[in-house]
Amino acid sequence: MAEKIRNTVVIAVGNQKGGVGKTTNTIQLAGALAERGRRSLIIDLDMTSGATKALRAPTEGWNSSFELLTGAENAEDTIITSEESEVALPPNIHLVPSSRKLAELDTFLALNPWLIHQDLLIEPINRLRGKYDYVFLDTPPQKTKTTIPALKVADFAVLSAMPDHLAVSALAEALSDIVAAQRHANERLALLGVIVCAVPRPKTRLARELVAYVERTCVDAAGHTLKFSTEISRSVVVQEAQKMGQTILQYQGDHPVADEYRTLAKEFEDRLTALRQRPPIPLTEEVTHA
Ligand SMILES: Nc1ncnc2c1ncn2[C@@H]1O[C@H](COP(=O)(O)OP(=O)(O)O)[C@@H](O)[C@H]1O
Ligand SMILES: [Mg+2]
């Protein structure tokens, strides 16, 4: 039987700061979306291979996001599927692993002066559209060589934030990057939402401040907050599941954090449905600097 053609939504998961939950949220959200019958591809664009390691996939010896970005291999030949026998990926989550070779991307670009850095993901993503419900681009900390092509090709950005002392300034920087990407590379790019995660219960002052900042600053031009109302609690179950190379939904499906990700996945899809009916209003400079 022919594969069904899917309406692929490409999501860049960002925030230039490391350790703010980008990779965790990408994997868990993909896991919760899988429970809703969706198929996701995670492209690990981070040289430190957070998603690849959390999914217990190889960081060496396999095609990686480096071959995908450089066009050395067709995009579909860089994917590890959940049917692969040597790597036990969660159901309906496929992965393009990353590798240390991403460090050579600068050299590659210098040797290929006709290639345009910001366009590196266009052809690979075009080849993959129709095969997945969601393609998540898990970006590295810092604005490295892979974040720019990710923001160029994405339909939406999702930001991740964790309560700590640097969270607010990191988010402000991430928002101005989205505005810059809209201006210089991708007019269609819209911020779909901000996930606030690893929230201690009861909420600390820092967590309350972060939530208030996101609610006030991350708004669309109509003034609606872009913060996802579902917040993800801080819990050791996140690390425990990661150690097993599983999603929390697989590892302990009745855990409250698993339920939070289910609720988040519903909110995420409801938002996408609403935007399909009403095109997004882009962020403006005034909005992000309010
Ligand atoms: N809800 C949570 N509760 C506890 N720890 C978390 C939670 N979410 C993420 N973490 C931990 O925080 C660290 C950073 O998360 P990660 O997703 O790797 O961030 P990033 O991809 O932004 O660098 C990891 O050790 C991860 O296990
Ligand atoms: Mg990461």
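Points worth noting:
- Computed from backbone phi, the HN-Hα couplings of segment 150-161 come to 5, 5, 5, 9, 6, 7, 9, 10, 10, 9, 10, 9 Hz, rounded to whole numbers (Karplus: 6.51 cos²θ - 1.76 cosθ + 1.60, θ = phi - 60°; Gly and Pro given as x).
- Size descriptors for the chain: radius of gyration and Dmax over Cα atoms are 17.9, 55 Å.
- 17 Å Cα-Cα reach of residue 152 towards lysines, excluding residues that sit fewer than 8 places from it in its own chain: 143
- Flagged links, alpha-carbon separation over 24 Å, of 17/266; 53/101; 53/203; 22/266; 101/227: 17/266; 53/203; 101/227
- Whole-percent pair-distance distribution, where bins are 10 Å wide, for the alpha carbons of segment 77-168: 12, 39, 34, 14, 1
- Calculated over segment 2-159: convex hull of Cα atoms, volume per residue (Å³): 104 Å³
- With contacts taken as Cα pairs under 8 Å and at least 6 residues apart, segment 67-197 reaches a relative contact order of 21 percent.
- Mean separation of Cα contacts under 8 Å (6+ apart) over length of the chain, as relative contact order %: 24 percent
- DSSP beta bridges confined to segment 9-288 are antiparallel in about 5 percent of cases.
- Total formal charge among the other residues, if their Cβ is under 15 angstrom from that of residue 4, Lys/Arg +1 and Asp/Glu -1: +3
- For residue 14, the residues 5 or more places off, or on other chains, whose built amide H falls under 5 Å of its own are 158, 159, 160.
- Euclidean distance between Cα centres, segment 67-84 to segment 104-122, Å: 18 Å
- Taking N as its residue count, the alpha carbon Rg of segment 169-290 over 2.2 N^0.38 Å: 1.18
Throughout, read-outs are computed from the coordinates displayed, never taken from laboratory work. Only a predicted model underlies this, so the values are computations on that prediction, with no experimental measurement involved. Don't worry about glycine lacking a Cβ; one is built from the backbone with ideal geometry, like all the others, and counts go over all protein chains shown.
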